[in-house]
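Have a look at the structure below before the remarks.
The values are calculated or read from the model by the stated rules, or taken from the named source; none is laboratory data. Quantities reported herein were computed from a predicted structural model and do not represent experimental measurements. Because the Cβ atoms are built from the backbone with ideal geometry, glycine has one as well, and the counts that use them run over all protein chains shown. All accessible areas refer to the heavy atoms of the entire protein, side chains included, with ligands and DNA or RNA removed. Shrake-Rupley method; radii C 1.70, N 1.55, O 1.52, S 1.80 Å.
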Amino acid sequence: TNPGFVVRITQAGLDYAHQHGIAILEKELAQLKLPDISGDSRVGRVGKVRYELSRLRLRDFHLPYSRITPISNVGLQVSISNAFAELDGDWRVKFLFVRDHGSFDLKVENVYIKISLRLGSDARGKPTVSTSECRTRISKVRVLFSGKLGWLYNLFHSVIESRFRKILEDKVCDIVEKSVHNELQTYVQTLPVTAKIDAKTGIDYSLVAPPRATAQSLDADLKGEFYSLAHRSTVPFSPLPLAFPSDHDRMVYFGASSYFFNTAGIAYHEAGALVFEVTQDMAILSLQIPKEAGFSLNTSIFSAFIPQLEEMYPNMPMKFRLSTPTAPFLTIGPGGISLRPIVEAQAYAILPNSSLAPLFLLSLVRNVSAVINVRSGHLVGSLDVGRIRLSLKDSAVGTFQVRMMQSLMNILTSSTLLPRLNARLDEGFPLPLPDRIQLSNILVRFYQNFLLLGADVHFQPR
């Protein structure tokens, strides 16, 4: 299944996410708890020494050099090198009839950590991440004891350093796996797979396949489909493949296909949201005509075009019901977004008993272009329309020349229908973003069958 919406995280985006991830891991490693160590060790022919190391305190753990790399068909690999840590603690010794105690310092240097992350998706279509491999190698551990018998400890420091090395190597990977599960996995699960837009529609952003690593990026294929909250039906067409360009200037790119936008038209059409009624008060408000100007949306206005209208329904208020017989269908190309929606305008006379008498049905066709942008994590837009082309589909008041009504209908629809649509588009539709992500440096480009949005990312910590 081709995606209707694609998210690409470039190497720059992965590096940015990696910086925040390493900062979290560094804090968690700095809180690492070490167990007390005790044992016996024989020192040459002198005898057996009983030692205890307690109150081990990790002063800090630094990860100065690290990088993240997407590995094709595998996932992500994080490599940390030249990490170092410092510890201190207390020692106690028993040797023959001698007892002593003191403190010690321990330096851990040249720590190398390799972490492999497996990417997947769960039954809800949310992304998942887990540790598929973790290896820690410590090449240098130096321990320095102080106290009257510090020289004795220094004789068998290699035994203690070896024990510290093994404990730390195991503990580091334990911390890594917990951090990936508790922090990273929890965070990626904040990616919304369904987004309720309003009382009528929602967007399905569920993954259609696990995230895919390439040599230069991480791609996530999403369903990208609008749906009616009242009744979700099967979309009668399929998404086309998206030929993503090789842009890597921004941290993240979004590819919104024509399928994505056209399912919006279907969802709103099925939800009955593309029906607009225009009455006298609405027309005055929309056209910004003061009441004292004498404008009235009634049969008298149209009597110049339809003489028999005044005879049948003299000076009666009118209502227009604007609707789309089919869902609007748009196309996306290098020149932008365009569509030619068909709007039907059913005219009624409002009788004295408030019932409606059908007068005539017009078909309005007009060219529409769209301007798209991103604001506050939402896809926003506005429509610009050309002149309408009218045709008469049905009439209960006889035939008449519709071209005579061209200007009036053009003003009526442009000042009532268009502002309401643009007001909805200005509210925007949410992009699939995890928590606390803000977008900046927005790029908008059009390609065949899809819209490309590029952006840099700012993460707002709690």
Note to self: Kirkwood Rh of segment 12-190, Cα pairs, one decimal, Å, is 18.1
Choose one of N110, L297, P434: the residue whose Cα lies farthest towards the positive end of the charge dipole of the chain (beta-carbon charges +1 Lys, Arg; -1 Asp, Glu; about the Cα centre). N110
Per residue solvent-accessible surface (Å²) - the chain, probe of 1.4 Å: 50
Write down, largest first, the equivalent ellipsoid semi-axes of segment 187-251 in whole Å, where each equals the square root of 5 times an eigenvalue of the alpha-carbon gyration tensor. 27, 16, 11
Using the Kirkwood radius over Cα pairs of segment 194-459, the Stokes-Einstein translational diffusion coefficient at 20 °C and 1.002 mPa s, in µm²/s and rounded to a whole number, is 103
Kyte-Doolittle cut-off -1.0, length cut-off 24 Å along the helix's own axis using Cα: show which whole DSSP H helices in the chain pass. 11-30, 157-179, 406-427
For segment 194-459, give the percent of accessible area contributed by carbon and sulfur heavy atoms, probe 1.4 Å, rounded to a whole number. 54
Calculate what fraction, in whole %, of the accessible area of segment 12-190 sits on carbon and sulfur atoms when a 1.4 Å probe is rolled over the protein chains. 51
From the helices alone, meaning DSSP H stretches of at least four residues, give me the mean residue ellipticity at 222 nm for the chain, per-run term -39500 (n - 2.57), in deg cm²/dmol to the nearest 500. -7000 deg cm²/dmol
Could you compute the FRET efficiency for E311 and R424, with r as their C-beta to C-beta distance and R0 at 35 Å, rounded to 0.05? 0.30
Inverting the mean 1/r over all pairs of different Cα atoms, compute the Kirkwood radius of the chain and quote it in Å. 27.7
Would you work out which of S132, G202, N315 lies farthest towards the positive end of the dipole of the chain? Charges go on Cβ: Lys and Arg +1, Asp and Glu -1. S132
